[in-house]
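Undergrad: Just passing along the structure, written as structure tokens.
Every number in this text was worked out from the coordinates using simple rules, so none of it is lab data. Small disclaimer: the values here were computed from a predicted structure and weren't measured. Cβ placement follows ideal geometry from the backbone for every residue including glycine, while neighbour counts extend to all protein chains displayed.
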Amino acid sequence: MFGFAGLSVNLKFLFMPFIQSKQNSFEPINIYYEDSKIGKPVVFIHGWPLSGSMWEYQVVQLYQMGLRCITYDRRGFGKSDRPFTGYDYDTMAGDLKALLDAIDLNDVTLVGFSMGGGEIAKYFSNYGGARVSKVVLISAVVPFMLKADDNPDGVPQEMFDTMLKGMVDDRPSFLEAFNKDFYGAGFLTNPVSDPYLSNALNKAIDASPVATIECAKAFATTDFRQAVTTINVPTLIIHGDADKTVPFAATGKQSASLISGSVLKVYEGAPHGLWFTDKEKLNQDLIDFI
């Protein structure tokens, strides 16, 4: 902060685009966003453990097609504030609502990747999908990741326990290995350059350790099966059948059966991070759908 003549100015708000989100009993936090300003609005919700910058390959192309592209950093990631609390999906869906309200968006297409699909489901169940006309779920964690008697295709709790232990013991080392599986590194059909992997790893390591761990707990254990049924707008579901991070059978396939009228597109041989490995195909599908 600096002041003159009785005026106090927050440097963060002076030089960078932020909105403020006040959720429940938590202190207000600053959410960083980028907005191309012109065209039909598309709000991109990033995956774990990255930031809104992951969408650069979509924003550049979709903006050129006349779409208004808005990205934002989830609390604890990128340039947004890094609180020690508020990493449950109700709070994070509230952050999304705060963004849509603050910049007064309407007729919005929400595009959620991986963890971001959870914010969309909770946004519809908590706020009735206000301001939203279309939804895209890409490699999304909905409707329920955890294996259970009534969810036999889910991921066993032991695997999530191993993830959490890896982050607590040596977060950079865990993220390096996770990063390679994320993009199917080594697949002949999905070549990913070493510089790209290094850049993605640096962004993941830069995130708040608390946010990284607490968000992993949230997407692993939150049951969205009821929430996704409240999505009542045209919905496109895109998932790779070689996704090792968010298995298709437990997520994309199930979401397609629960969201009325949704359209499912399965990318053959695509890994989790298909927004990069299959970006041209994905961008065209997004443009056609929006």
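Undergrad: State the answer as a single residue: which of Pro152, Asn126, Leu105 lies farthest towards the positive end of the charge dipole of region 104-194, with beta carbon charges of +1 for Lys and Arg and -1 for Asp and Glu, about the Cα centre.
TA: It is Leu105.
Undergrad: Okay, moving on. Determine the gain in length on full extension of the stretch Lys165-Ala177; use 0.36 nm per residue of separation and subtract their C-alpha separation, reporting nm with one decimal. Display every interim value, and only then the final one.
TA: Numbers: separation 12, 0.36 × 12 = 4.32 nm, distance 1.38 nm.
Stretched out fully, the Lys165 to Ala177 stretch lengthens by 2.9 nm.
Undergrad: Cα centroids of region 257-290 and region 63-134: how far apart, whole angstrom?
TA: With region 257-290 and region 63-134 each reduced to a Cα centre, they are spaced 19 Å.
Undergrad: What is the packing order of peptides 256-263, 165-172, 205-212, taking the mean over residues of other C-beta atoms within 10 Å and listing the highest first?
TA: 205-212, 256-263, 165-172
Undergrad: Where both partners of a DSSP beta bridge lie in region 9-138, what percent of those bridges are antiparallel, to the nearest 5?
TA: On the way: 7 of 23 bridges.
Just about 30 percent of them are antiparallel.
Undergrad: Taking just the alpha carbons, could you work out the radius of gyration and Dmax for region 21-94, both in angstroms?
TA: Cα only, region 21-94: 13.3, 41 Å (Rg, Dmax).
Undergrad: While we're here: Just to be sure I understand: with springs between alpha-carbon atoms less than 10 Å apart, which residue in Phe219, Phe276, Phe77 has the highest mean-square fluctuation in the Gaussian network model of the chain?
TA: Phe276
Undergrad: Over the chain, with a Gaussian network built from C-alpha contacts below 10 Å, which listed residue (Ile38, Ile29, Ile238) shows the highest mean-square fluctuation?
TA: Most flexible of the set in this elastic network: Ile38.
Undergrad: Let me ask something else about it. Only four residue types carry charge here, +1 at the Cβ of Lys and Arg and -1 at the Cβ of Asp and Glu. Report the dipole size of the chain about the Cα centre in Debye, rounded to the nearest 20.
TA: 580 debye
Undergrad: Quantify how much of the Cα-Cα distance distribution of region 208-278 extends past 18 Å, in percent.
TA: 49 percent
Undergrad: Which whole-number percent gives the relative contact order of region 29-289, counting Cα pairs below 8 Å spaced six or more residues apart?
TA: With pairs under 8 Å counted, the relative contact order is 22 percent.
Undergrad: If you build the convex hull over the alpha carbons only and average its shadow over all orientations, what do you get for region 110-221? Give it in nm² to one decimal.
TA: 8.9 nm²
Undergrad: Would you mind checking the pairs Lys180/Lys244; Lys40/Lys134; Lys180/Lys217; Lys40/Lys281; Lys97/Lys134; Lys147/Lys217 and listing those with alpha carbons more than 18 angstrom apart?
TA: Details: Lys180/Lys244 11 Å; Lys40/Lys134 11 Å; Lys180/Lys217 21 Å; Lys40/Lys281 21 Å; Lys97/Lys134 15 Å; Lys147/Lys217 14 Å.
From the list (Lys180/Lys244; Lys40/Lys134; Lys180/Lys217; Lys40/Lys281; Lys97/Lys134; Lys147/Lys217), the Cα-Cα distance tops 18 Å for Lys180/Lys217; Lys40/Lys281.
Undergrad: In the chain, if the dipole is taken from +1 on Lys/Arg beta carbons and -1 on Asp/Glu beta carbons about the Cα centre, which of Gly94, Ala270, Cys215 is farthest to the positive end?
TA: Ranked along the dipole, the leading option is Gly94.
Undergrad: How large is the convex hull of the C-alpha atoms of region 29-289 per residue, in Å³?
TA: On the way: hull volume 29.2 nm³, N = 261.
Enclosed volume per residue, from the Cα hull, is 112 Å³.
Undergrad: While we're on this one: Any chance you could run the full-extension gain for Met65 through Gln226? It's 0.36 nm times the residue separation minus the Cα-Cα distance, nm to one decimal.
TA: Once the chain is fully extended between Met65 and Gln226, it gains 54.4 nm.
Undergrad: Determine the relative contact order of region 199-290: mean sequence separation of Cα pairs under 8 Å and six or more apart, normalised by residue count, in whole percent.
TA: 26 percent
Undergrad: Give the relative contact order (percent, whole number) for region 40-117; include only Cα pairs under 8 Å separated by 6+ residues. Don't skip to the answer; put the middle values down first.
TA: Numbers: 102 pairs, mean separation 36.5, N = 78.
Computed value for region 40-117: 47 percent relative contact order.
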